[in-house]
Structures are given as C-alpha cells and as structure tokens.
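Presented below is the structure to which this report refers.
Since every read-out is calculated from the coordinates, none of them should be taken as a lab result. The model shown is predicted, which means the values in this text are computed figures rather than measured ones. Every residue, glycine among them, receives a Cβ derived from its backbone with ideal geometry; neighbour counts consider all protein chains shown.
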Amino acid sequence: QAHFGSTRERERERAQPEGARWVRSEEGGVDDEAMADFEDESKSLDERFTAAVDFVKDFKPSKSVPTDRKLILYGLYKQIHVGDAKDEEKPGFFGGWEAGKKWNAWKEVTDKGLSKDECKKEYLEELKKQKQEFE
C-alpha cells in the first residue's frame, strides 16, 4: 500500500500500537456501515467487536488521540487475542520504549483478571469514548 503522507505522518502511524492504528486518507470520513455495526446493540458482542476493530483501522480523528488512550485499546486487544501477559515476556531495556509501554498496557489488563467478553465490552466502550472525543 503506497503512502504519500509526510515523513512525520508515517512516523506517527508506525508509533501507534497494533489494534489501535488510526489511518489517514485523502477521502476523510468514516465508513458509516462499519460504524453502524460497531454501535448496533442488536448485533452480538463478537460482531460488534469485529466491526470495532475494522473501524479502528479506518478511523480518521480530527484531533490527535493521546498515546495512553490508544494503549488502552492495545492492551485490551492483546488480552483478547493472545491471553495473559507473562512477566518473562516483558521487553528488556533494549527492547525499546514503545515495546515497554505496549507490554505495560497489556499487563494492566491481565492484572484485572477480565474475561475475553469483558475485555471486548471495555474495548467497545473505550472506542466509543475516543470516537466522541476525537472525531
């Protein structure tokens, strides 16, 4: 996928955590169908979560979402898809600042002892808040 944004935009996109990546494009706007699925309470939790993850991939906020808020989504996403963060997997000093922040966000979710469904509900709630605050 070709990207013609500035170097700064590319660096910012690379710095965003997996599961919490906001993609900017020339078209602008949000896919209304994905948003309807994400917020549609008649859909199952799994369907809404899948729609939310798809929404995050294309979300183009008008305001910058702070890294700590993106890391909330990252930690929940990682807990849902990988399971518990283990201390022996914690990145060392030379693993880099970003890897450490991501692991800490994931570990915070692990320490809450939430089920996958509880994590999905929290992910949906946090994404809804981010959409309202930063769109």
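Each residue of segment 113-130 was assigned a 3J(HN,Hα) from its phi angle through the Karplus expression (A = 6.51, B = -1.76, C = 1.60, θ = phi - 60°), giving x, 7, 6, 4, 5, 5, 5, 4, 5, 5, 4, 4, 5, 5, 5, 4, 5, 5 Hz with x at Gly and Pro. Mind running the shape call on segment 40-135? Use the C-alpha gyration tensor, a ≥ b ≥ c as the square roots of the eigenvalues: rounded below 1.5 for a/c, prolate if a/b tops b/c, oblate otherwise. Verdict is oblate for segment 40-135. Across segment 86-97, computed HN-Hα scalar couplings (Karplus, 6.51 cos²θ - 1.76 cosθ + 1.60, θ = phi - 60°) run 9, 4, 5, 9, 4, x, x, 3, 7, x, x, 4 Hz from first to last residue, x flagging Gly and Pro. For the set LYS43/LYS131; LYS78/LYS128; LYS43/LYS86; LYS63/LYS86; LYS63/LYS90, the pairs lying more than 29 angstrom apart at their alpha carbons are LYS43/LYS86; LYS63/LYS86; LYS63/LYS90. Net length available on complete extension from SER42 to GLU118 is 25.6 nm, with 0.36 nm assigned per residue and the Cα-Cα distance removed. Using the Cβ of GLU122 as centre and a radius below 14 Å, the other residues enclosed give a net charge of +3, where K and R count +1 and D and E count -1.
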